[in-house]
Amino acid sequence: MQKQFSLEDILAMERFYRRDFMNTISGYRSCHLLGTLSYKKVPNLGLFNSITHVGATPPHLGFIMRPLTVPRQTYHNIKAQGYFTLNQVTEEMMHQAHQASAKYEPDHSEFEAVGLKTQYTDTHPAPYVAESPIKLGLELAEEHHIKANGSIFVIGKVVEVIIDEALIAEDGHILLEKAGILSVAGLDSYYKPALIDRLDYPRP
């Protein structure tokens, strides 16, 4: 039997119950490790599940940064350096990726703390996760402050992609299932999605 919740019901929930309830009810989300470099050149890594496709021409992606009521290393590094990376997470990396959510000191590399390797290119200053099969290098494009709750929508322009050619179909479609890419619901539940079908473009 279905149950109806009003806004008042949701706000009356115990804090952590409400957090898990609202973090999972929107469904599965992508799972990325976001890499940055501090002004002291310390590699930083954080786990994000709010990556959003903004457009393909030119290519832009965005993500939600929580309110700046406490220091946010990722945000401050992006503002200081202007670049960041997005690295898809696989089952083999799951435990290290999850640990990257821990709050480490700014002078402590999360890469080193969780046991993942940095990878750099000559054309992009922010660190990639070497173990990730799909990596994107982005340059900060713009940000939008969300008045509803104080969050920030950060948009980056994709300036570099690193991917195994075997993961790209003839029509350009990325074979996420072949790469073993994970999805996530909430703050601690990881899933391995499977392709059901690819349907034709819908026309009237």
Can you give the Kirkwood hydrodynamic radius of the stretch 115-204 from its Cα pairs, in Å with one decimal? 16.5 Å
Report, in cubic angstrom per residue, the convex hull volume of the C-alpha atoms of the stretch 7-58. 159 Å³
If I stretch the segment between Thr123 and Leu140 completely, what's the gain in nm (0.36 nm per residue apart, minus their alpha carbon distance), one decimal? 4.6 nm
At a 1.4 Å probe radius, which order do Thr52, Thr69 fall into by accessible area, largest first? Thr69, Thr52
How long are the semi-axes of the ellipsoid equivalent to the stretch 70-158, from square roots of 5 times the Cα gyration tensor eigenvalues, in whole Å, largest first? 22, 17, 13
Proximal aspartates and glutamates to Lys117, defined as alpha-carbon separation beneath 14 angstrom and excluding residues fewer than eight positions away on the same chain: Glu92, Glu131
Could you tally the net charge around Asn44, taking each other residue with its Cβ under 13 Å from the Cβ of Asn44, Lys/Arg +1 and Asp/Glu -1? +1
Helix-only [θ]222 nm of the chain, DSSP H runs n ≥ 4, -39500 (n - 2.57) each, per residue, nearest 500: -5000 deg cm²/dmol
Where the convex hull is taken over the Cα atoms of the stretch 53-93, what is its projected area averaged over directions, in nm²? 4.4 nm²
Figure the gain on full extension for Ser6 and Arg19 (residue separation times 0.36 nm, minus the Cα-Cα span) and round it to one decimal in nm. 3.1 nm
Rounded to the nearest percent, how much of the accessible area of the stretch 11-64 (1.4 Å probe, protein heavy atoms only) is carbon and sulfur? 61 percent
Exposed loop sites here are GluC sites (Glu not before Pro) in DSSP loop states with at most 10 other C-beta atoms within 10 Å. What is the longest stretch of the chain lacking them? 15-169
If you filter the stretch 107-204 for trypsin sites (Lys or Arg not before Pro), then keep DSSP loop positions with at most 16 other Cβ within 10 Å, what is left? Lys117, Lys147, Arg198
Any lysines with Cα under 23 Å of the Lys79 Cα? List them, leaving off those in the same chain fewer than 8 positions away. Lys40, Lys41, Lys103, Lys135, Lys147, Lys157
May I ask you to work out the translational diffusion coefficient for the stretch 1-99 at 10 °C, viscosity 1.306 mPa s, via Stokes-Einstein with Rh from the Kirkwood sum over Cα pairs, reported in whole µm²/s? 99 µm²/s
Checking the stretch 145-204 for chymotrypsin sites (Phe, Trp or Tyr not before Pro) in a loop per DSSP with at most 15 other beta-carbon atoms within 10 Å yields none
Per residue, how many Å² of accessible area does the stretch 1-49 show with a 1.4 Å probe? 71 Å²
Hand me the trypsin sites (Lys or Arg not before Pro) from the stretch 21-101 located in a DSSP loop with no more than 10 other Cβ atoms within 10 Å, in residue order please. Lys40, Lys41
For the chain, list log₁₀ I(q)/I(0) at each q in 0.09, 0.15, 0.16, 0.17 Å⁻¹, using the Debye formula over Cα point scatterers of equal strength and ignoring solvent, two decimals each. -0.38, -1.03, -1.15, -1.27
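The values are calculated or read from the model by the stated rules, or taken from the named source; none is laboratory data. Owing to the predicted nature of the structure, the values given are computational and were not obtained by experimental measurement. FYI the Cβ positions are ideal-geometry reconstructions off the backbone, even for glycines, and counts take in every protein chain you see. Quick note on the areas: whole protein, heavy atoms, side chains included, nothing else; ligands and nucleic acids left out. Shrake-Rupley method; radii C 1.70, N 1.55, O 1.52, S 1.80 Å.
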